[in-house]
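Enquirer: Could you have a look at this structure, given as C-alpha cells, before my questions?
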Amino acid sequence: MNRMKQMDELRLIYKTRQTASDPAEWKPVETDVSVPIGGVRVNEHGLFRQFMDANIEYLLKSFSVNEMLYPFRVRAGKPNPVRERDLTKEIPFWCVDLLGSEAGRFLMGAGNTLRWMEHAELRRRMDEIVDGVEDCQEENGYVYAFPPEGFLHNEQANYARCWFTQGMLDAAKSANLKALSLIRKGHDWFNECKYRSELIYLSLGLQGHTASTQMYFSPAGKPEDLQVAEKYYVQDWWMDKLIARDLTAIYDYSLDRPHCYEITGFEAYLDHYMATGDRKYIEAMVGAWEMLVENWQHIGGTWAICEGKHYFPKTYPIACTGELCGSVFWIRFNQRFHRLFPDQEKYVAEIEKSIYNAAFANVTSDGIRYHAILETAKQTPNMQNTCCEVHGSRLIGTLPEYIYSIAGDGLYVNLFESSEMDLNIGGTALTVAMETHFPFEPKVTLRVKASSAVKMNLRVRVPGWASSDMPVMVNGKEVAAGKPGTFLALDRIWADGDIVSFTLPISFRLLLYTGIDEIAWNKDRYGLLYGPVLMAAVGPIVDVGHGGSTVDLPVPTERLIESLRPIEGKPLHFNIEGAPDHVYMPYWQVTDETFSALPAIGM
C-alpha cells in the first residue's frame, strides 16, 4: 500500500478535529503559579550544579557548530566548510532521517542552561548556530534543516521540527531574541503548509503537536498556532478513551506503536486546556496521568513502556524500558499539572523522583544513556544525537526551574537543593536562599533577604514520602507541623534575616516488585527507596533463569533495612549485614558495576 493510500485510510478511522475553535470563545485558564524563567542560582557545590556542569561539558564535545549547521546549508545551497567527519555515515539514523535535531538538541541544552548561569563558549556557539540558521532561512520563512519536499520523510516533520522549534524558543529565553523572530517566521510558513493534515499519520506523528502549542505560548505566539494544532493533531476519539480509562489508549495507541512519546501528546493537550478552558482536555489528561501511574510506572519512577511491542498493564518488564525521553516528558507533563493545581503535592513528587532516578542516572559528561536499565549493568552513554540525548540535555538545563514556583502572593519551595531565588512581592525585592545537602542530609534552612518588611506566603513542601509530620521553625521557634503530601503555608510579614528551618522526615521504604520478571525460586524482588531516591544493590549477580540475572541478598526481608550499615566517608552508601559481597548506593551513582535496583531478598 502506498503512503498516500495508507494515510487516506487512517484519516477515515482516526480523525482529527479538522476544524478549529474561535479564539473569541476561548477562556484561558489562569494558573495559580508560574515557572521561573530566570532568577534562580544553584550553589556551585550542589548536586544540580554538578549535573549542569557535566551537561555543558557533554554539549561542548559532542558536535561542532559546523556539523550542526551542515544540513541547513545543504538545504539552502550555501557553501559548507570542509567536514570534520561525515555524520551521515557515522550516525546514519539520527543525522540523516532527523535533520536539524542536532541543532535543536544543542539549543535546548544551551539555551536553558544560559538562563541561570553564564558560560561564554556555550553562548558563543548558541549564537553562532542561530546566526547560521538565519543565513539559511528562505524568503517565505522556511527555516528547517530538511527541504520542504522531505517533510513527510520518517519523523522529520514531527520530531526534528518539534525539537528544533523548542530549541529556538529556549535560545530566546536566554536573550537571543533573533531566534524567536526566525522561528516565528518558520511557523507562519508551517501554519499554511500543504502537509499539515498528514503529519499526525506519520511515524509517531503525535510528537509534533507541542511545537505548535509551545509556539503559541511563546512571546511571539499567534492564535493560528493553536488552531492549526487543534485541527490537525487533536483527536477526540483518543481523549474519549482516556476519559473512559480505557487502557488500550496507552498500550495499544491505534494510530501508531505504543511509546513513551505519547506523553508529548499529553503535554500538548494540557496546553490546549490552559489556552481555551475546554474541560474535555483536562478530563482526558487526568485519565492519562492516572492510568500511567497505576499501570506502567516502575518502582523509582521510570517507565515500563517504550516501543516495538505491547507493554501490557502491570507487567513491568525490566529489560530495555525506562527510556529517558519518557521521564523528561513526564516531568514537563507534571509541571503543567503543578501550575494548575499547585497544592497537590503529588505532581512535584513525580518531578522529584524522575530527576533523581532517571535524569541523574543517565546524564554524564561523556554522554547520555538511552534507557535507565534497572539491573545487571547500565548502558554505555551515547554521544550520537539520540532522542534521549536531545531531551536529557534539555532537562538538565532546566533543573533550576523545578526548585521553586512563583505565586501571586509568594513562593512555593518544591525541591530541596542549595540555591537562591530572586523575586518581587508587591514591589519589594527579596531573595530566598536555601541551604541543604539533600538527599545526603535531611536538614534544610531558608534565609530571607529583603529590602524591607514584606507580606509573603511561603509554602514549604512536605513530601509524600515523609515518614511523619514535619515540624517547621521560624527564627528558632516551632510555628507549625506539616503533614506528608502537603504544602505548609507560612503566611506572615517577613523581615530581612528571617530564617525557616526544618528536618525532612526521611527514611527507607521497601516496595514489592510484581510483574513478568518476578523471581521463580521462592524469593521476591524489592525496590529500596530512601525518600525519593531509588537505591541499588551493587555486587555479584546470579542467574535467575530465562536468560535473566539479578542480585540475590540472603537477608530476611523484614530485617533488610535494619541490616544496613553506613560506610564512613560515603554518604548513602551502606554495607549489608548478612550480604558481605554487596553494598547499597543510590541508583544514580552506579557506573560500571553489576547491580540490581530490584534485587531478590530473603532467606
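The values are calculated or read from the model by the stated rules, or taken from the named source; none is laboratory data. A quick note: this is a predicted structure, and the numbers were derived from the prediction, not measured. Methodologically, a virtual Cβ is constructed for each residue, glycine included, from the backbone with ideal geometry; neighbour enumeration extends over all protein chains shown. Just the protein is used for accessible areas: all its heavy atoms, side chains included, with ligands, DNA and RNA removed. Shrake-Rupley method; radii C 1.70, N 1.55, O 1.52, S 1.80 Å.
Enquirer: For the list (1) open to solvent by 70 Å² or more (accessible area, probe 1.4 Å); (2) of a type outside the set (A, V, I, L, M, F, W, C); (3) modelled with pLDDT under 95, I need the number of the one condition that Asp22 fails.
Expert: (3)
Enquirer: Residues of the range 368-385 being under 21 Å from Met52 (Cβ atoms), open to solvent by less than 30 Å² (accessible area, probe 1.4 Å) and hydrophobic (A, V, I, L, M, F, W, C), which ones?
Expert: Answer for the range 368-385, where residues must be under 21 Å from Met52 (Cβ atoms), open to solvent by less than 30 Å² (accessible area, probe 1.4 Å) and hydrophobic (A, V, I, L, M, F, W, C): Ile368, Ala372.
Enquirer: How about the range 78-146: which helices (runs of 4 or more DSSP H) wholly inside it have at least 1 residues that are over 21 Å from the mean Cα position of the chain (by Cα) and crowded, with 19+ Cβ neighbours inside 10 Å?
Expert: Filter on the range 78-146 gives 87-90, 120-136.
Enquirer: Let me confirm something: among Tyr233, Tyr261, Tyr269, Tyr195, which residue is out of contact with any Gly (no Cβ under 6 Å at 6 or more places or on another chain) and open to solvent by 20 Å² or more (accessible area, probe 1.4 Å)?
Expert: Tyr195
Enquirer: Another question, then. Considering only residues of the range 299-334 that are open to solvent by less than 30 Å² (accessible area, probe 1.4 Å), of a type in the set (Gly, Ala, Ser) and not in a helix (DSSP H, G or I), which is farthest from Leu399 (Cα to Cα)?
Expert: Ala304
Enquirer: Which residues, counting only those in the range 498-528, are part of a strand (DSSP E or B), under 18 Å from Leu572 (Cβ atoms) and open to solvent by 10 Å² or more (accessible area, probe 1.4 Å)? I'd like the intermediate steps shown before the answer.
Expert: Going residue by residue through the range 498-528, those that are part of a strand (DSSP E or B) are 499-503, 508-512, 524-528.
Within this subset, residues satisfying the condition of being under 18 Å from Leu572 (Cβ atoms) are 503, 508-511, 526-528.
The answer is Thr503, Phe508, Arg509, Leu510, Leu511, Tyr526.
Enquirer: Got at least one residue in the range 220-232 being in a loop (DSSP other than H, G, I, E, B) and under 19 Å from Lys27 (Cα atoms)?
Expert: Within the range 220-232, one or more residues are in a loop (DSSP other than H, G, I, E, B) and under 19 Å from Lys27 (Cα atoms).
Enquirer: If you don't mind, another one. Name every residue in the range 248-283 that is of a type in the set (Phe, Trp, Tyr) and over 23 Å from Met215 (Cβ atoms), in order of residue number.
Expert: Those that are of a type in the set (Phe, Trp, Tyr) and over 23 Å from Met215 (Cβ atoms): Tyr251, Tyr253.
Enquirer: Here's a follow-up. Would you pick out the residues in the range 335-349 that are assigned to a helix (DSSP H, G or I), surrounded by fewer than 24 Cβ atoms within 10 Å (Cβ to Cβ) and of a type outside the set (A, V, I, L, M, F, W, C)?
Expert: Gln335, Arg336, Arg339, Lys346, Tyr347
Enquirer: Could you grab me the full set of residues in the range 568-583 that are open to solvent by 40 Å² or more (accessible area, probe 1.4 Å), touching a strand residue (DSSP E or B) at 6+ places or on another chain (Cβ under 8 Å) and outside any strand (DSSP E or B)?
Expert: Residues satisfying the conditions are Lys570, Glu577, Gly578.
Enquirer: Could I ask something else about it? Quick one: in the range 529-549, which of the residues that are at pLDDT below 95 and part of a strand (DSSP E or B) is farthest from Ala377 (Cα to Cα)?
Expert: Gly545
Enquirer: Is there a residue being more than 20 Å from the chain's Cα centre (by Cα) and more than 27 Å from Gly221 (Cα to Cα) anywhere in the range 292-308?
Expert: Yes, the range 292-308 contains at least one residue that is more than 20 Å from the chain's Cα centre (by Cα) and more than 27 Å from Gly221 (Cα to Cα).
Enquirer: Of everything in the range 5-16 that's exposed (fewer than 15 other Cβ atoms within 10 Å of the Cβ) and not hydrophobic (A, V, I, L, M, F, W, C), which residue is modelled with the highest pLDDT?
Expert: Lys15
Enquirer: Give me the pairs, please: first residue somewhere in the range 173-194 and within 12 Å of Val143 (Cα to Cα), second residue anywhere and open to solvent by 80 Å² or more (accessible area, probe 1.4 Å), beta-carbon distance under 6 Å, and either six or more positions apart or on two chains.
Expert: Leu182/Glu134; Trp189/Asn140
Enquirer: Please specify each residue of the range 354-398 satisfying the condition of being within 12 Å of Glu323 (Cα to Cα), of a type in the set (A, V, I, L, M, F, W, C) and part of a helix (DSSP H, G or I).
Expert: Ala358, Ala359, Ala361, Cys387, Cys388 - these are the residues of the range 354-398 that are within 12 Å of Glu323 (Cα to Cα), of a type in the set (A, V, I, L, M, F, W, C) and part of a helix (DSSP H, G or I).
Per-residue answers, yes or no, for (1) touching a residue at least 60 places away in the same chain (Cβ under 8 Å); (2) open to solvent by 20 Å² or more (accessible area, probe 1.4 Å); (3) closer than 23 Å to Glu345 by Cα; (4) not in a strand (DSSP E or B):
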| position | (1), (2), (3), (4) |
| --- | --- |
| Pro400 | yes, no, yes, yes |
| Ser405 | yes, no, yes, no |
| Met421 | yes, no, yes, no |
| Ala433 | no, no, yes, no |
| Leu446 | no, no, yes, no |
| Leu458 | no, no, yes, no |
| Ser468 | no, yes, yes, yes |
| Met473 | no, yes, yes, no |
| Asp491 | yes, yes, yes, no |
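Enquirer: Please count how many residues of the range 147-161 are in a helix (DSSP H, G or I) and touching a residue at least 60 places away in the same chain (Cβ under 8 Å).
Expert: Count: 3.
Enquirer: Go through the range 243-281 residue by residue and tally those that are more than 22 Å from the chain's Cα centre (by Cα) and either modelled with pLDDT under 95 or in a helix (DSSP H, G or I) (or both). Spell out the reasoning first.
Expert: Restricting attention to the range 243-281, the residues satisfying the condition of being more than 22 Å from the chain's Cα centre (by Cα) are 243-248, 252, 254-256, 276-280.
Applying the additional criterion that residues be either modelled with pLDDT under 95 or in a helix (DSSP H, G or I) (or both) yields 243, 248, 252, 254-256, 276, 279-280.
Residues flagged as more than 22 Å from the chain's Cα centre (by Cα) and either modelled with pLDDT under 95 or in a helix (DSSP H, G or I) (or both) within the range 243-281 amount to 9.
Enquirer: I've got another one for you. From the residues in the range 329-375 that are in contact with a Ser or Thr (Cβ under 8 Å, 6 or more places away or on another chain) and of a type in the set (A, V, I, L, M), which one is modelled with the lowest pLDDT?
Expert: Ala372
Enquirer: Of the residues Leu169, Leu182, Leu177, which single one is under 29 Å from Ile396 (Cβ atoms), surrounded by fewer than 18 Cβ atoms within 10 Å (Cβ to Cβ) and either in contact with a Leu (Cβ under 8 Å, 6 or more places away or on another chain) or not hydroxyl-bearing (Ser, Thr, Tyr) (or both)? So that I can check it myself, show each step before the final result.
Expert: Details: Leu169 fails: surrounded by fewer than 18 Cβ atoms within 10 Å (Cβ to Cβ); Leu182 fails: surrounded by fewer than 18 Cβ atoms within 10 Å (Cβ to Cβ).
Matching residue, one of Leu169, Leu182, Leu177: Leu177.
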